[in-house]
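Engineer: Have a look at the structure that comes next, please.
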Amino acid sequence: MEEINPWKTLESEIKYDNNWIRLTEHQVINPSGGKGIYGEVHFKNYAIGILPLDEDYNTWLVGQYRFPLKAYSWEIPEGGGPLGEEPIESARRELLEETGMSAKNWKEIQRMHLSNSVSDELSIIYIATELIQGIAMPEETEELIVRKLPLEEAYQMVLNGKITDSMSVAAILKAKLMLLNGEL
């Protein structure tokens with residue numbers, strides 16, 4: 001079966017635009033032939049996630065209050081990476097900013113779209129190993145708590161619903177699978 005676009009765009013209008021996102025409303029003909037609207041959020045950065053792992057399979061989570069959720073969230077170190085920059089450079093910067101760590105070895109483990117029904121945001125997730133501790137330098141919008149814990153405990157937090165951030169869930173589940181398969 002050939003993959004073709006069944007949507008027809010009649011008109012598009014930018015409703016909101018800032019340094020991070022652009023919201024466009026499209027007047028469309030949907031796949032069943034009916035008229036409608038479709039909102040699309042374009043992200044101007046990659047979503048970058050890093051799962052730091054030491055030789056004993058400990059990892060580090062970052063805790064912070066997430067404004068859109070109106071709730072506290074435990075996550076892997078993550079942030080935005082400019083589309084014009086190599087994602088690995090953004091990953092190195094985010095790990096250093098949030099945890100104070102750098103790493104000798106980096107492995108990309110996952111690419112995924114975070115909410116493809118409304119956005120084009122691409123997430124790139126890395127595992128960082130051979131860690132070197134330095135000093136964290138969080139951004140002014142970040143009030144972070146950094147917590148070291150065994151990967152197995154982070155895995156249990158995913159299973160128990162204590163970690164709900166999609167990049168964190170994907171990274172921890174992928175690392176657990178890689179560990180079980182002898183790939184870590």
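No lab work stands behind these numbers, since they all come straight from the coordinates. Model, not experiment: these values are computed from the prediction. Positions of Cβ are generated from backbone atoms using ideal geometry, with glycine treated the same way; all protein chains shown enter the neighbour counts.
Engineer: Could you count how many Lys pairs in the chain have their Cα atoms under 18 Å apart, skipping same-chain pairs fewer than 8 positions apart?
Structural biologist: Number of lysine pairs found: 9.
Engineer: Write out the chymotrypsin sites (Phe, Trp or Tyr not before Pro) in region 1-55 meeting two conditions: DSSP loop, and at most 12 other Cβ atoms within 10 Å of their Cβ.
Structural biologist: TRP7, TRP20
Engineer: Moving on. Hey, how many Å between the Cα centroid of region 60-94 and the Cα centroid of region 116-169?
Structural biologist: 7
Engineer: Taking amide H positions as placed in the peptide plane 1.01 Å from N, state which residues far from GLU121 in sequence (5 or more) or on other chains have amide H under 5 Å from it.
Structural biologist: For GLU121, the qualifying residues are PHE43, LEU114, SER115.
Engineer: Which residues' amide hydrogens lie under 5 Å from the amide hydrogen of ILE76, considering only partners 5 or more residues apart or on another chain, with H built in the peptide plane?
Structural biologist: Residues meeting the amide H criterion: VAL62, SER168.
Engineer: Under the rule of -39500 (n - 2.57) per DSSP H run of 4 or more residues, summed and divided by the residues of the chain, what mean residue ellipticity at 222 nm is obtained, to the nearest 500 deg cm²/dmol?
Structural biologist: -6500 deg cm²/dmol
Engineer: How much length, in nm to one decimal, is gained on full extension between ASN30 and LYS8, taken as 0.36 nm per residue of separation minus their Cα-Cα distance?
Structural biologist: Result for the pair: 7.2 nm of gain on full extension.
Engineer: Compute the distribution of all C-alpha to C-alpha distances in region 24-65, in bins of 10 Å from 0, and list the percent of pairs in each, rounded to whole numbers.
Structural biologist: Answer for region 24-65: a P(r) of 19, 23, 20, 17, 16, 5 percent.
Engineer: Another one. Near the amide H of GLN110, under 5 Å away, which other amide H atoms are found, from residues 5 or more places off or on another chain, if H is placed in the peptide plane?
Structural biologist: ILE125
Engineer: Now a separate question. Mind checking region 50-101 for trypsin sites (Lys or Arg not before Pro) that DSSP puts in a loop (not H, G, I, E or B) and that have at most 15 other Cβ atoms within 10 Å?
Structural biologist: Hits after loop and neighbour filter: LYS70.
Engineer: May I ask you to evaluate 6.51 cos²θ - 1.76 cosθ + 1.60, the Karplus curve with θ = phi - 60°, for each residue of region 24-37 and list the ³J(HN,Hα) values in order in whole Hz, giving x for glycine and proline?
Structural biologist: 10, 9, 10, 8, 9, 10, 7, x, 8, x, x, 7, x, 10
Engineer: Using the Karplus curve 6.51 cos²θ - 1.76 cosθ + 1.60 with θ = phi - 60°, work out ³J(HN,Hα) for each residue of region 143-157 in order, rounded to whole Hz, and write x for Gly and Pro.
Structural biologist: Each residue of region 143-157 in turn: 10, 10, 10, 9, 10, 8, 7, x, 3, 4, 5, 4, 4, 5, 5 Hz.
Engineer: Turning to a different aspect of this structure: Using just the C-alpha positions of region 1-158 as equal point scatterers, what log10 of I(q)/I(0) does the Debye formula give at each q in 0.11, 0.12, 0.16 1/Å?
Structural biologist: -0.56, -0.64, -0.95
Engineer: From the P(r) of region 42-88, can you give the percent of Cα pairs sitting at distances over 16 Å?
Structural biologist: 55
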